[in-house]
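These notes concern the structure reproduced below.
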């Protein structure tokens, strides 16, 4: 890809930042700070050692909540999707709990785990569990019948069938579902940190608002959330280029 093409998104963001600064300069009485004010807020956070602390706290909660959900939901979803009777038994429960917002669990999370990391991790787990479960079930359903029939005709053992047919067939869809779910996890942690903990980027935003209308820090927190969210998505997208995961991708 040409360098000019790669730089287009950067140039577009730069134009938006310039427009933002011009708009603030023309209306100086507004509470919304300009890019330089936000940069100053980020500098203050760095100077006091808070930015790294809050970023690490948020990533810690997202990592554990997402991984716990993946470890439980993906194998369970593959199993339920493979066995029709299991799907018929569990599907009503899944459809009942799935529409419940993770934020609705906040009172229960605080009741069970108190105010702290465990409550936030639980909320992220709940937010990630059902999307990953449904993704795994759908991935099994979308395995072409010819792959299954070939595996059976060759008399593959259960372990060989899982490693040589089931695993490579479902991984690409699981990666896509994980990208979406990781975005959900990042949304949930910010909301949870505004209520259930006293650290993290979500806490930074609400604390800056309550501690003297520091809107430069509010916007700084939003910028960091967006930037880290983009980096997380790019990290998940990079998995799509791993050769061993591209078994069912169409070659360009």
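The values are calculated or read from the model by the stated rules, or taken from the named source; none is laboratory data. As the structure is a computational prediction, the values presented were derived from the model and not from experiment. Here the Cβ positions follow ideal geometry from the backbone for every residue, glycine too, while neighbour counts run over all protein chains shown.
For the reader, a short list of remarks on this structure follows.
One line per residue, one yes/no per condition, for (1) modelled with pLDDT of 80 or more; (2) within 23 Å of residue 172 (Cα to Cα); (3) part of a loop (DSSP other than H, G, I, E, B):
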site: 220; (1), (2), (3): yes, no, no
site: 223; (1), (2), (3): yes, no, no
site: 229; (1), (2), (3): yes, yes, no
site: 234; (1), (2), (3): yes, yes, no
site: 237; (1), (2), (3): yes, yes, no
site: 248; (1), (2), (3): no, yes, yes
site: 252; (1), (2), (3): no, yes, yes
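- Residue in segment 65-72 that is in a helix (DSSP H, G or I), surrounded by fewer than 16 Cβ atoms within 10 Å (Cβ to Cβ), out of contact with any strand residue (DSSP E or B) (no Cβ under 9 Å at 6 or more places or on another chain) and free of Cβ contacts under 8 Å to residues at least 40 places away in the same chain present: yes
- Test: residue in segment 166-177 that is free of Cβ contacts under 8 Å to residues at least 24 places away in the same chain, closer than 30 Å to residue 152 by Cα, over 19 Å from the mean Cα position of the chain (by Cα) and part of a helix (DSSP H, G or I): yes
- Each residue in segment 120-160 was checked for being buried (at least 24 other Cβ atoms within 10 Å of the Cβ) and farther than 22 Å from residue 76 by Cβ, and 1 of them qualify.
- Out of 166, 187, 174, sole residue that is within 28 Å of residue 229 (Cα to Cα) and out of contact with any helix residue (DSSP H, G or I) (no Cβ under 7 Å at 6 or more places or on another chain): 187
- Sub-6 Å Cβ pairs linking a first residue in segment 23-39 that is closer than 16 Å to residue 222 by Cβ to a second residue that is part of a helix (DSSP H, G or I) and modelled with pLDDT under 80, at least 6 apart or interchain, are 34/21; 34/24; 35/20; 35/21, ordered by first then second residue.
- Residues (outside any helix (DSSP H, G or I) and modelled with pLDDT of 85 or more) located in segment 183-210: 200
Listed here are the residues, each with its yes/no results for (1) modelled with pLDDT of 90 or more; (2) in contact with a helix residue (DSSP H, G or I) (Cβ under 6 Å, 6 or more places away or on another chain); (3) more than 25 Å from residue 183 (Cβ to Cβ).
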position: 78; (1), (2), (3): no, yes, no
position: 84; (1), (2), (3): no, no, yes
position: 89; (1), (2), (3): no, no, yes
position: 103; (1), (2), (3): no, yes, no
position: 106; (1), (2), (3): no, no, no
position: 113; (1), (2), (3): no, yes, no
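- Qualifying residue in segment 139-156 (condition: assigned to a helix (DSSP H, G or I), in contact (Cβ under 8 Å) with a residue 24 or more places away in the chain and within 23 Å of residue 66 (Cβ to Cβ)): yes
- Residue satisfying all of: in segment 13-33; under 30 Å from the mean Cα position of the chain (by Cα) and modelled with pLDDT under 80; farthest from residue 214 (Cα to Cα) among these: 20
- Test for residue 99: is it under 23 Å from the mean Cα position of the chain (by Cα), at pLDDT 85 or above and not in a helix (DSSP H, G or I): yes
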